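Here the structure comes first, spelled out in structure tokens, and everything after it is commentary.
FYI, it's all coordinate maths here, none of it is from the lab. Please read all numbers here as calculations on a predicted model, not as lab measurements. Heads up, the Cβs are rebuilt from the backbone with ideal geometry, glycines too, and the neighbour counts pull from every protein chain shown.
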Ligand code: ADP
Ligand code: UDP
């Protein structure tokens, strides 16, 4: 499989078309943004780490019956994936209050939630990814009810599998964001990445942050945290 042309360049990845029409190659960059693109920087080796961690989690999910777009790892920064028609939603699952939820509900960061919370955001940089509910999604024709049922089922399964795996690594899964697309049979398939860029990982003993919040909040030790969480998870 060979890359033919750039289909899309995003904030963290470049998506290439290939000589096989149903397959894409995703290249993971070191570029990092926060605050809807207001803060920009690079995190050395982030692309390598996010590619490795996504491969690890997509394989874990597959061995537990959850399909994703992942096909194979092509190089240290590249994976081949199924080409999907993406749904313009960010699906956030939360186990512990942090970030925007902590602010919105006035909860101290770190407050455990009685049940996992699932939120939808409209994936639209110009609008700053506003939060949506099922009615907005129907009204905008972004997805159908049965598709949202599938998205929610898969998202909660991913949550449980990741929580279980991370528990054995002394890591708490605070929250994460997933993206989904439709395949050639209109089936819902998990896409994008699962990495410290789109998950909050805290050390279960010290609550030390091992994710992109260190970059977002200028906490220092960003590269070390990315290396540490990859080693812990994949060791
Ligand atoms: P952003 O668009 O948020 O800046 P990235 O830099 O991560 O994000 O770019 C990757 C893009 O590729 C995203 O827009 C994502 O929705 C899209 N994408 C992820 N997986 C697939 C797939 N399997 N098929 C088509 N597009 C995908
Ligand atoms: N998230 C993401 N991309 C976004 C917004 C959020 O990957 O555009 C992830 C983020 O890493 C966290 C979860 O979604 O794991 C919840 O993020 P939150 O809404 O608290 O965002 P914040 O505004 O604090 O970044």
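Observations
- Across 62, 212, 23, mean-square fluctuation computed from a Gaussian network of the chain (C-alpha pairs under 10 Å connected) peaks at 62.
- Computing FRET efficiency as 1/(1 + (r/R0)^6) for residue 75 and residue 135, where r is the C-beta to C-beta distance and R0 is 45 Å, gives about 0.55.
- For the options 168, 54, 100, a Gaussian network treatment of the chain with springs between C-alpha atoms closer than 10 Å singles out 100 as fluctuating the most.
- Model label sites at residue 144 and residue 88, defined 7 Å from Cα along the beta-carbon direction, differ in position by 2.0 nm.
- Using only Cα coordinates, the Kirkwood hydrodynamic radius of segment 13-88 works out to 13.5 Å.
- Counted by neighbouring Cβ atoms within 10 Å, the residues 60, 84, 105 run from fewest to most as 105, 60, 84.
- Estimated from helical segments only, the mean residue ellipticity of the chain at 222 nm is -9500 deg cm²/dmol, where each DSSP H run of four or more residues counts as -39500 (n - 2.57).
- Legend: ranking of residues 92, 49 from fewest to most surrounding C-beta atoms inside 10 Å; resulting order 92, 49.
- Highest-MSF residue in the chain out of 173, 101, 190 [GNM, Cα springs under 10 Å]: 101
- Convex hull of alpha carbon positions in segment 127-235: directionally averaged projected area 8.6 nm².
- Extended-chain gain in nm, criterion 0.36 nm per residue less alpha-carbon gap, residue 234 and residue 187: 14.0 nm
- Annotation for segment 96-110 versus segment 177-202: alpha-carbon center distance of 23 Å.
- Cβ crowding within 10 Å averaged over residues, with 30-40, 116-126 ranked highest first: 116-126, 30-40
- q = 0.13, 0.18 Å⁻¹, the chain: log10 I(q)/I(0) [Debye, one scatterer per Cα]: -0.79, -1.67
- Which of 87, 48 has the fewest Cβ neighbours within 10 Å, and the rest in rising order: 48, 87
- Where labels lie 7 Å past Cα in the beta-carbon direction, separation of residue 111 and residue 39 in nm: 2.3
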